[in-house]
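Here the structure comes first, spelled out in structure tokens, and everything after it is commentary.
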Amino acid sequence: MDVLTTADEAASRTGPHRPEPLGPDPRSARFRAATWVGAFLAPAVALILLLLVVPFLITAWRSLFDDNGITARFVGLSNYTALFTDPDFGRSLLNTVLWVVGTLVLPVLLGLLLAVLTHSMRWGAVARTAVVIPYALSGSATALLWTYLLRSDGAVNQTLGAVGLGGWQQEWLLHWPLNTLVMIVATTWQATGASLILFLIGLQTIPSDTIEAARLDGARGLQLFLRVIVPQLRPMTVVVVGMSIVNSLKTFDIVWLLTQGGPGTASETLALTMYRQTFTLNRYGYGAAVSVVLTVVVIAASWLYLRQQVRQRSGDAV
């Protein structure tokens, strides 16, 4: 009886029992978060739509017309049919593939090797500066320099003749595929500096403890490079390779300034074919079709590469 009385008194003092307030609604919190994210992304999305998507759609629509700049006649997919049956387009596509392979093998690989070799070298900063300086030059300046080197009476042929190797003298810019290969070398001379800088940034993010632990485990030289350094540089490698693929697919300036796509159209890339058809031959519909194909190739190559990298990362995580 005393126990019941004590409980009643305690209840009267504390008042009636009230349920504890519930926390915020999870759905409302997610909605607010999505609203904030959308607000921050909206300006960037609007710029992409305005500067990239809308011009592409206009170009795709224009590619359906036989347009000479004065009159335009709807022809449907005839421009694409003519494009894919044009032998010059096949050569242009082959040259573009050569540029992709060349700029992946040479500037990316050289940039990686030079970044690793000069990272801890005493005079590494001097060596890196010598490699990076060409990257500061414009494409037109690079093309002008290599024109003096590679023309028939240029520095390369004169040097070969002076050292008794006159049999190696070539018309470097007048024959395919030699002209495409030497232009890839010229681009490598300029572009290696960018790869070196990015890989050097990646090397500085590798914890020194990781390298020391690998050395204590006996990793040296090539084994240390392939099994420790290269895997640690994978995020930066994705960026460098992705940039190289896109830049090589839209190569224009150095080809135009060195050979103008010649002899004939032998060294043209897709970007140069688009320019010639549009602004030289005034075939605006046909040039728009080339532009659409080039855009699709760039997007497809980038998507396939990034998808492969995501799959590899997911497999490593598992």
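Quick one: which residues, 5 or more positions from residue 66 or on another chain, have an amide H under 5 Å from its amide H? H modelled 1.01 Å from N in the peptide plane, none for Pro or chain starts.
Answer set, sorted by chain and number: 73, 74, 75.
If you filter the stretch 103-205 for trypsin sites (Lys or Arg not before Pro), then keep DSSP loop positions with at most 14 other Cβ within 10 Å, what is left?
Hits after loop and neighbour filter: 122.
Using a Förster distance of 25 angstrom, determine the FRET efficiency expected from the C-beta separation of residue 60 and residue 140, and round it to 0.05.
0.20
Once phi is turned into θ = phi - 60°, what whole-Hz ³J(HN,Hα) does the Karplus curve with 6.51, -1.76 and 1.60 give for every residue of the stretch 160-176, x standing for Gly and Pro?
The phi angles translate into 4, x, 5, 9, x, 10, x, x, 8, 5, 9, 8, 4, 9, 10, 9, 8 Hz.
Figure the gain on full extension for residue 74 and residue 121 (residue separation times 0.36 nm, minus the Cα-Cα span) and round it to one decimal in nm.
Details: separation 47, 0.36 × 47 = 16.92 nm, distance 6.33 nm.
Separation in residues times 0.36 nm, less the Cα-Cα distance, equals 10.6 nm.
Ignoring everything but the protein chains, give the 1.4 Å probe accessible area of residue 172 in square angstrom, nearest 10.
It works out to around 40 Å².
What residue among 145, 203, 47 shows peak mean-square fluctuation when the chain is described by a Gaussian network model with Cα springs under 10 Å?
Residue with maximal mean-square fluctuation among 145, 203, 47: 47.
How large is the accessible surface per residue of the chain, computed with a 1.4 Å probe and reported in Å² as a whole number? Mind showing how you got there, number by number?
Values: 19860 Å² over 318 residues.
Solvent-accessible surface per residue comes out at 62 Å².
For the chain, give the percent of accessible area contributed by carbon and sulfur heavy atoms, probe 1.4 Å, rounded to a whole number.
68
Quick one: helix 178-204 against the long Cα principal axis of the chain, what's the angle to the nearest 10°, folded into 0 to 90?
Value to nearest ten degrees: 30.
Out of these labelled values of Cα Rg over 2.2 N^0.38 Å, (i) 1.54; (ii) 1.18; (iii) 1.03, which was calculated from the coordinates shown here?
Recomputing Cα Rg over 2.2 N^0.38 Å here gives the entry labelled (i).
The values are calculated or read from the model by the stated rules, or taken from the named source; none is laboratory data. Since this is a predicted model, take the numbers as computed values, not measurements. Positions of Cβ are backbone-derived with ideal geometry, glycine not excepted, and every protein chain shown enters the neighbour counts. Note: accessible area is taken over every heavy atom of the protein model, side chains too, but ligands, DNA and RNA are not part of it. Shrake-Rupley method; radii C 1.70, N 1.55, O 1.52, S 1.80 Å.
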